[in-house]
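Right, one structure below, let's go through it.
The values are calculated or read from the model by the stated rules, or taken from the named source; none is laboratory data. Values in this document were obtained by computation on a predicted structure and should not be read as measured data. Here the Cβ positions follow ideal geometry from the backbone for every residue, glycine too, while neighbour counts run over all protein chains shown.
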Amino acid sequence: MRELDEEMRDEHGVALGDFDVLAQLGEAAGGRLRMCDLAAAVVLSPSGLSRRVDRLEREGLVGRERAEDDARSVEASLTARGRRLLRRLRATHRAGVKQRFADHFSAAELQTLRELLPRLTQGGPGEVS
């Protein structure tokens, strides 16, 4: 993780945690999420996320506005500049993960991982209750 973070910073000036925020917004419907949902997705406290989003907003990568369906909620969204950067970040991230993880396994081992890893989030054989 540290190597990947350094690579992202060196190539794009963006920390891995910032990439996580941008990627979550990129995957969200309409490229926007309520701040509380985004905090949960990136596993940050609301104040930690607010500081990170403040920085990304100053850099013109995200915007914030009141939610249309609930004026009490604030949503973060990707700007056009943020979407362009996210495309470049994803390419660097994929290559880094491939080099540091996937390249260490055979095709058969990767297939086994694809079959086994969903158990971590979905439960399955051997699930502890």
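If you take the residues in the stretch 54-67 that are within 12 Å of residue 82 (Cα to Cα) and assigned to a helix (DSSP H, G or I), which one is farthest from the chain's Cα centre (by Cα)? Spell out how you get there, then give the answer.
Kept after step one, since they are within 12 Å of residue 82 (Cα to Cα), are these residues of the stretch 54-67: 56-63.
Now narrow it down to the ones that are assigned to a helix (DSSP H, G or I): 56-58.
Values: 56: 13, 57: 16, 58: 19 Å.
Checking each candidate, the answer is 58.
Give me the pairs: first residue in the stretch 12-30 and free of Cβ contacts under 8 Å to residues at least 12 places away in the same chain, second residue part of a helix (DSSP H, G or I) and surrounded by fewer than 21 Cβ atoms within 10 Å (Cβ to Cβ), beta-carbon distance under 7 Å, and six or more apart or on different chains, which are they?
15/5; 15/8; 15/9
Restricting attention to the stretch 71-94, which residues are without any contact (Cβ under 8 Å) to a residue 40 or more places away in the chain and either surrounded by fewer than 13 Cβ atoms within 10 Å (Cβ to Cβ) or touching a helix residue (DSSP H, G or I) at 6+ places or on another chain (Cβ under 7 Å) (or both)?
Filtering the stretch 71-94 for residues without any contact (Cβ under 8 Å) to a residue 40 or more places away in the chain gives 71-73, 79-81, 84, 87, 91, 94.
71, 72, 80, 81, 84, 87, 91, 94 - these are the residues of the stretch 71-94 that are without any contact (Cβ under 8 Å) to a residue 40 or more places away in the chain and either surrounded by fewer than 13 Cβ atoms within 10 Å (Cβ to Cβ) or touching a helix residue (DSSP H, G or I) at 6+ places or on another chain (Cβ under 7 Å) (or both).
Yes or no: residue 49 in contact with an Asp or Glu (Cβ under 7 Å, 6 or more places away or on another chain) and part of a helix (DSSP H, G or I)? I'd like the intermediate steps shown before the answer.
Values: in contact with an Asp or Glu (Cβ under 7 Å, 6 or more places away or on another chain): no; part of a helix (DSSP H, G or I): yes.
No: the conditions fail for residue 49.
Do we find that residue 22 is modelled with pLDDT under 95 and either within 14 Å of the chain's Cα centre (by Cα) or over 21 Å from residue 94 (Cβ atoms) (or both) in this structure?
Here the answer is no, as residue 22 does not meet what is asked.
How many residues are surrounded by 15 or more Cβ atoms within 10 Å (Cβ to Cβ), of a type in the set (A, V, I, L, M, F, W, C) and assigned to a helix (DSSP H, G or I) if we restrict to the stretch 1-40?
11
Across the stretch 45-70, which residue is surrounded by the most Cβ atoms within 10 Å (Cβ to Cβ) among those that are touching a residue at least 24 places away in the same chain (Cβ under 8 Å) and not charged (D, E, K, R)?
By that ranking, first place goes to 62.
Which pairs do you get when a residue that is surrounded by 10 or more Cβ atoms within 10 Å (Cβ to Cβ), found in the stretch 95-115, comes within reach of a residue that is charged (D, E, K, R) and part of a helix (DSSP H, G or I), reach meaning Cβ atoms under 8 angstrom, with the pair 6+ apart or on two chains?
96/3; 96/7; 100/3
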